[in-house]
Amino acid sequence: MSTPPVNILFVGDIVGGIGRRALLALLPGIRERYEPTFIVVNGENAAGGIGITTKIARSLFAAGVDVITLGNHTYRHREVWGYLDSEQRILRPVNYLAAQPGHGSCVVERAGVRLGVISVSGNLFMNAGRPAFAEVDAAVSALRDSADQVLVDVHAEATSEKVGMGWHLDGRVTAVVGTHTHVPTADARVLPDGTAYITDVGMTGPRGGVIGVKREQALQSMITKMPVKFETSEEDPWLMGVLISATRPRRADSIEQLLLPAPNAIGP
Ligand SMILES: [Fe+2]
Ligand SMILES: [Fe+2]
């Protein structure tokens with residue numbers, strides 16, 4: 001069985017204005033070279049390094065982003081809570097409590113292909129109200145007839161939990177991509193039953209800090225054990241993402257890591 005070929009660009013956690021500028025600076029070249037059918041980004045750090053606002057989410061959609069996934073910083077900015085309910089294409093983890101604002105999956109369509117996207121949070125060292133594995137099963141089942149390709153963003157701290165999620169979903173979805181640690185891993189591959197997998201995509205933001213934070217401030221906190229105000233680093237921005245290609249329903253042909261410096265992203 002075949003389906004129109006698609007390329008899915010997934011971009012790791014966009015950190016602050018510098019991360020947003022890195023995405024905007026590099027997107028034209030990425031579009032030209034890889035011709036992504038769909039663009040999905042994790043935006044949980046897009047607003048000043050923590051959370052996202054309605055305005056920033058809208059600006060990402062205006063730049064051509066199809067779906068925004070979030071994570072543990074979803075609710076940092078109270079004004080976005082209503083938008084999470086009303087905008088289908090912005091996702092908080094599906095295994096949060098039903099009473100929490102927003103939803104965890106959506107379907108978008110381009111070029112005759114329906115892409116389902118699911119956001120799920122790990123349970124180890126994370127604050128998700130419901131179990132990741134059971135809830136992701138329910139979300140994948142719910143998309144059975146409504147999506148040709150399915151991408152799962154597993155937002156988790158523990159590498160073991162993300163590896164487990166990859167094996168758990170192998171053969172049932174197009175891709176399982178890890179986010180949250182902001183550090184890219186070197187294990188991108190297509191698993192035996194056809195699911196593209198990577199433990200962590202990395203972040204789109206300043207590599208000169210400590211996972212996005214100015215390094216002097218992060219180090220001061222670690223060394224002194226006293227409260228320190230954190231700001232987003234402005235040093236050495238990179239875009240970190242993956243490109244997944246698929247020609248069969250819910251199976252990937254390849255996954256390629258994109259690690260691109262964005263020197264022209266520095267500035268106001
Ligand atoms: Fe993040
Ligand atoms: Fe996170």
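Annotations
- Here Glu35 fulfils each of the conditions (1) within 11 Å of ligand 1 (Cβ to nearest atom); (2) among the acidic types (Asp, Glu); (3) within 15 Å of Val242 (Cα to Cα) apart from (1).
- Count - residues of the stretch 184-204 that are at positive phi and within 17 Å of the chain's Cα centre (by Cα): 1
- Gly29 falls short of the stated requirement of being touching a Ser or Thr at 6+ places or on another chain (Cβ under 9 Å) and more than 16 Å from ligand 1 (Cβ to nearest atom).
- Checked against (1) under 23 Å from Ile30 (Cβ atoms); (2) under 21 Å from the mean Cα position of the chain (by Cα), Gly171 meets all criteria but (1).
- Out of Val242, Val201, Val228, one residue alone is in a loop (DSSP other than H, G, I, E, B), among the β-branched types (Val, Ile, Thr) and out of contact with any Gly (no Cβ under 6 Å at 6 or more places or on another chain). It is Val228.
- Selected residue (only one of Val113, Val150, Val108, Val136 is away from ligand 2 (no atom under 16 Å from the Cβ), in contact (Cβ under 8 Å) with a residue 24 or more places away in the chain and within 14 Å of the chain's Cα centre (by Cα)): Val150
- When restricted to residues that are over 18 Å from Asn42 (Cβ atoms) and outside any helix (DSSP H, G or I), the stretch 164-186 contains 4.
- Residues considered: Leu91, Leu23. Of these, the only one that is surrounded by 23 or more Cβ atoms within 10 Å (Cβ to Cβ) and within 24 Å of Pro131 (Cα to Cα) is Leu91.
- Just so you know, in the stretch 202-219 the residues that are away from ligand 2 (no atom under 12 Å from the Cβ), within 26 Å of Val120 (Cα to Cα) and hydrophobic (A, V, I, L, M, F, W, C) include one that is surrounded by the fewest Cβ atoms within 10 Å (Cβ to Cβ), and it is Val210.
- Of all residues in the stretch 232-254 being under 15 Å from the mean Cα position of the chain (by Cα) and aliphatic (A, V, I, L, M), the one that is nearest to Arg114 (Cα to Cα): Ile244
- Taking the stretch 168-201 as the range and being more than 27 Å from Pro4 (Cβ to Cβ), away from ligand 1 (no atom under 16 Å from the Cβ) and either of a type in the set (Gly, Ala, Ser) or crowded, with 24+ Cβ neighbours inside 10 Å (or both) as the test, only Ala186 passes.
No lab work stands behind these numbers, since they all come straight from the coordinates. Owing to the predicted nature of the structure, the values given are computational and were not obtained by experimental measurement. Counting neighbours? That spans all protein chains shown, and the Cβs are built from the backbone with ideal geometry, glycine included.
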